[in-house]
Every structure is written in C-alpha cells, then in structure tokens.
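Q: My structure is below; once you've seen it, I'll send some questions.
Every read-out reported here was derived from the displayed coordinates using simple, explicitly stated rules and does not represent laboratory data. None of these values were measured; they are calculated from a predicted model. Don't worry about glycine lacking a Cβ; one is built from the backbone with ideal geometry, like all the others, and counts go over all protein chains shown.
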Amino acid sequence: MAKLIWIFLRNIFENITAKNNRKMDSLSTDHDLKLTADMLNPIIAVIYNIFHPLRLDFHNTYVSYKAALADSHGKTVELQDFWALASSEKYDHWDSLVKNVYPRKSMQHEGLFPRGHDPFREGNEEERISHIEALKSNLSKDSALSAAETEVDNFLTSYYALKTSHAAKEKLIRDLAAEVKTKSKICATAMYADLGYLIWKFPAAPDTIGGYFNVSEIVSTTAKSEGGESDELTIAVPNGKSVEGDFVFEDATKIRAYNPGGETLYLFTKAVKETNPPIPDDAMALLPEDDKQIIMYTLGVAGNRYFYIGNKGTSAGEIVIDLV
C-alpha cells in the first residue's frame, strides 16, 4: 500500500523549486524583501536574521552558476569557431605547405592526403583529431616538411588548450550545480519553517501570513494535485536525441519554457510525427537557465502540430513547459 502524506506535511517550497532555480531565487528574494520591510516587528526580525543569510548564500551561488554557464557557452562557441576556421583555412594552408615541397599528385603528397581533406571534416570531433594527429606523425618523418609539421602541431596545441579550458569550465558548472541544489533545498526548508513559525504566531490571521510570501506565484506553480493551478510538464531530453513534447497546441498557443539543466536545448515543430528527428538549423535555442515565453507558430511552419526538444550536448537535459 502506498504511503500517504498529508498535504500540509509536504514542503511546498521544495516541491515547486526542486528543478527550478529561477523560481527559488524569485520566491526567496520576495520573502526576504517582505521580511526586511517589517523588521521593526520582533517576531519578523527573528525570522529575518535566520533566513536572510541563507537566501543570500543561495543567491550568490546561483549568480556564480549562471555566470559559469554563460562562460562555458562562450567556450563552446569558441571551439565551434575554431573548427570552422580550420575547415575554411587551415587544411588548405597545410596542403599548400606540403605542395611547396612535393607537387600535387606526387607519391609524397598522395601519401599524406590520400582522401584529400575529407578525413579532417568527416565524423565526430575525436575522429577528426585522430586524422590530424596521424598527419602530424607522418609529416614528422620528413625534415623537408618541418614547416607544415609546425603548423599542424600549433593547431593541435591550441585545440587541446581549448578542450582543457572547456573541461575545467564544465567541472565548475557541475560543482556549482550541486551546490545550488543543496542551497536551494536549505532555503526551501527555511521558508517552510518560516511558514510554520508564522502560523504559530498568527493562527487567526492567514492574510498576514500570506503577506510574507508571493502567494500568487506559489499557487500558479503548484500542481493541481496539491491544490494549485499549475499544468507544468517536465520533459527529460537525453543527450544526442530529440524527444516529443507530447501536448496539444494550436498556432497561437503560448508556452513558458524553462531550461534548468546544463545543456543548450533546441525547440522546433514538425508537420508529421517522427521518432528522434534531426534538429533543424533554425530551431530555437534555449540556453541553460533560459526562461522564455514562446508562441508555438514561431517554432516552425504554421499548422505544425508536433513539438520537439533536441539536445546536441554530451549530457542529459530537461525542460519545464507550462501553458501561459
């Protein structure tokens, strides 16, 4: 038999913010400001003195987390630009340095570029790098090609420096995400305790109690099963996949989409139902911690009735959808 939990024993603050840092930041800041405004009341001063440092600690960590996400996104773009430059300039430059020594179609040239530049452009990043590493190794066997070897070596050095920097940023994000989660739960517990304390002190004045919280946001984001008004839909998005957001919508339907994870997600619609469709180039990007209101027809062609969320990243993501 399933264990039943009395609704009043559920920590509503934790329930509605466990996967939504933005919401915790909003609710905790609102609660803190309302306590600050009534500091002359000794009852409220007791609550404030306990809650304020907890809220401040969460907020500062959350700001650091968002800054790290933005910085990491910049590193990702930098790595993409690095590969784009390689494809448009570097490969031709290496080739020309080799042709300065050995003519095109010569045995030496063909031995270094048996399939032209295709191996450097095809496959995933690891496969492309392995081909470039092989090219460097072959160039090092011929002292006449030292200029080309130096250029390729410089490219690889820059690439690994970028990857090392990006990996450090990713670790920082993981560490901060865990810290934000822990501190969000601490704040939620403190707000739940504050609610209990206020009920004890003002048992006959529910409006007074509610005045210290953003009741409208709490109710609007609380599940209907717990007495709220929310129809929030949380969808897991595996890395390297596109999944369907299975809800009925019209062209003019407006949604609120929030990305609580560490991967950029891509939103788009299709005219027909597909399994794991490719992410189109014009899909709308939803960066980590982005919170957007979106009209559905802007995600594709008017009349499309299938909504998808794609994840190009290396780790699983999640999106929270709510009808506006």
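Q: Considering the convex hull of the alpha carbon atoms of the chain, report its projected area averaged over all viewing directions, in nm², one decimal. Intermediate results must be reported in sequence, preceding the final value.
A: On the way: hull surface 92.9 nm².
The Cα convex hull of the chain, projected and averaged over all directions, gives 23.2 nm².
Q: Counting Lys and Arg as +1 and Asp and Glu as -1, what is the net charge of the other residues whose Cβ lies under 13 Å from the Cβ of SER315? Numbers along the way, then the final one.
A: On the way: positive: LYS171, ARG174, LYS241, LYS312; negative: GLU170, GLU263, GLU318.
Once positives and negatives cancel, what remains is +1.
Q: Divide by every residue of the chain the summed helix terms, -39500 (n - 2.57) for each DSSP H run of at least 4, and state the resulting mean residue ellipticity at 222 nm, rounded to the nearest 500 deg cm²/dmol.
A: Numbers: 10 runs with 168 residues, N = 324.
Per the formula, -17500 deg cm²/dmol.
Q: Let me ask something else. Applying a 10 Å radius around every beta-carbon, put 306-313, 179-186 in order of their mean neighbour count, most first. Write out the running numbers ahead of the final one.
A: Working: 306-313: 21.6, 179-186: 17.5.
Peptide ranking by packing, descending: 306-313, 179-186.
Q: Which far-off residues, 5 or more places away or on another chain, put their amide H under 5 Å from the one on GLY317, with H placed in the peptide plane?
A: Counting only residues 5 or more places away or on other chains, the set is VAL237, ASN239.
Q: Right, something else. Evaluate the charge dipole of the chain about its Cα centre and quote only its size in Debye, nearest 20, assuming +1 on the Cβ of each Lys and Arg and -1 on the Cβ of each Asp and Glu. It would help to have the intermediate numbers written out before the result.
A: Values: 35 positive and 46 negative charges, 98 e Å.
Computed about the Cα centre, the dipole is about 480 debye.
Q: Separate question: If a/c stays under 1.5 just call it rounded; otherwise compare a/b with b/c (prolate if a/b is bigger, oblate if not). Do that for segment 238-324, with a ≥ b ≥ c from the square roots of the Cα gyration tensor eigenvalues. Could the numbers behind the result be given before it?
A: Numbers: a/c = 1.86, a/b = 1.24, b/c = 1.50.
It comes out oblate by the Cα gyration axes.
Q: In addition: In a Gaussian network model over the chain where Cα atoms closer than 10 Å are linked, find which of THR189, THR275, THR298 has the largest mean-square fluctuation.
A: Result: THR275 has the largest fluctuation of those listed.
Q: Next question, about the same structure. Please name whichever of SER64, LEU33, LEU9 sits farthest to the positive end of the charge dipole of segment 1-68, dipole taken about the Cα centre and charges placed at Cβ: Lys and Arg +1, Asp and Glu -1.
A: The residue sitting farthest along the positive end of the dipole is LEU9.
Q: Looking only at segment 142-184, which residues have a backbone nitrogen under 11 Å from a spot 7 Å from the Cα of MET107 in the C-beta direction?
A: Correct set: none at all.
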